Amino acid sequence: MPSGNRYSGCGSSFGCYGIPQGCQKKGSCSLLLTHKADRDGVLYELAAPSTGADMWIAAGLSDSKAMEHAHVVECLLKGGQTSIRESWNGDGYKNSLVKRTSGVDYRKREHADGMLTCSWHRSHLTNIGTQSFNTLKNKYHLLLASGPLKAGTDEKSQHKHRGGTDSPVNLQQSEVSVSASDSDLFIKLHGSLMITAWILFVSVGILLARHYKNVWESTMICGVKPWFAFHRGLMMLSVAMMIAALVLIFYRLGGWSPNENPHSILGIVASVLGLTQPIMALFRCHPHQDHRYIFNWLHWFNGNAGQIIAVTAIFFATSLDRAQLKDADWFVYILAAFVGFHVMVHVVMQVHSMVMERKTKTSVDIKMQEMSRNGNHVAHGDDIQPPSKDAPGGGFRRFMLGIYMVVALFVVAALVATIWFATS
């Protein structure tokens, strides 16, 4: 087994599995597990770079790629002291410590030369509760994870690195194992749902509410104006997607997991703001009542604040190890470009609205003056407006809406595709 150059002999003298993908060839693994079988069992060695801060690294055996139902051996560094212990991953990714397993012999544990290393020998046949592991007859997925310890305790914080083999490993052979191609189904679905909700549905819904109240004025959909029908539908879809995304990620992580990266807290704040929007709308007063402006301002502020915080959370997600987007620089560039495009469209639409209002007011004043000179009745503005499907500038507004929706669709498609196919 490796002690000096731990990558020498990987795949020939002993089996190995490291993360991220392909790190064995580069000699730069964030986590490396080596294994070598003998007559009685398998000798494992787990190693990871360390700065000396309190941390944990862990390796597990499982029948599946998931972290569930896995027997885990943990290596801890706390206050400069090293230790080995075992745990079990139950349903819903719940991890609990277990007593030392019969047939598992702890060997080396050390922190030297910037590396935390632990080794143990595991008999071919071991039993953990009702679960049996037989490395002579069966293949198993190898699981790796690491992270910091909670301050002043030996309790694990949320992992910073995580991986699992793509296929079950024959631990009798000396082979290089490959990481699963899909980093985590739940995390990918979570990201895809949140991006679709906030970048597509919420963005279009906000645009409709802000600039399209006077478009398609002669049309009604289910008794309401088109802008409101589409706005309401898009927002309800986005709320449903947010709820689904939150359920997926909380199930995946087994509850709330504090992290130095602000993505989690920003995501929760944005989701809470998003979920309060329909609740707030249920209690709004009639459009013509005196205090309606209070709801209008609160609804506007709440929605825009939620979107700004959500997009910020998406930016921070790119630096999370479990998102596997660290090498996908184009993800950040595409997202930043859309933010700029979004702001530009709103500025253009606002300027266009101001120009149209000025032109409309000028034409109304001229017509009123002409009618006064001719001795005709001086009408109110509503009376002299010719019947029309749109307020002035409706054609331009529809054109801009089409452009915006096409760009938003392409952006969401690119971001979601990156989540599913990019690996770091």
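Computed over the chain, relative contact order equals 14 percent, with contacts defined as Cα pairs under 8 Å that lie 6+ residues apart. Between Thr153 and Leu282, the C-beta separation translates, for a Förster distance of 41 Å, into a calculated FRET efficiency of about 0.40. With each label modelled as a point 7 angstrom along the Cα→C-beta vector, the Arg398-Val224 pair spans 2.2 nm. You can think of it this way: the chain between Tyr251 and Ile294 has 11.7 nm of extra reach, that is 0.36 nm per residue less the Cα-Cα gap. The H on the amide N of Asn95, modeled in the peptide plane, is under 5 Å from the matching H of Gly90, each at least 5 residues off or on a different chain.
In this rough spin-label picture, where each label sits 7 Å from Cα along the Cβ direction, the Leu185-Leu275 distance is 2.5 nm.
When Rg and Dmax of the Cα atoms in Å is calculated for this entry, the matching label among (i) 29.9, 112; (ii) 22.0, 84; (iii) 20.7, 61 is (i).
What's the longest bit of the chain with no exposed GluC sites (Glu not before Pro), using DSSP loop states and at most 13 other Cβ atoms within 10 Å as the test?
The reported range is 261-424.
Beta carbons within 10 angstrom, averaged per residue: use that to sort the peptides 133-139, 187-193, 291-297, highest first.
My ranking of the peptides, most packed first, is 187-193, 133-139, 291-297.
Once the chain from Ser64 to Ser319 is taken as fully extended at 0.36 nm per residue, the excess over their C-alpha distance is 89.1 nm. For the chain, the longest principal axis of the Cα atoms and the long axis of helix 185-195 meet at an angle of about 20 degrees.
Rounded to the nearest 10 degrees, the angle from helix 394-421 to the longest Cα principal axis of the chain is 0 degrees. Straightening the chain between Phe410 and Asp91 buys 111.1 nm, computed as 0.36 nm per residue apart minus the Cα-Cα spacing. In this structure, the residue pairs whose Cα-Cα separation is over 23 Å, taken from Lys78/Lys156; Lys65/Lys160; Lys65/Lys108; Lys25/Lys156, are Lys65/Lys108; Lys25/Lys156.
Taken together, the values in this text are just the output of simple stated rules run on the coordinates, not laboratory data. Remember, it's a predicted structure, so these values are computed and weren't measured experimentally. Counting neighbours? That spans all protein chains shown, and the Cβs are built from the backbone with ideal geometry, glycine included.
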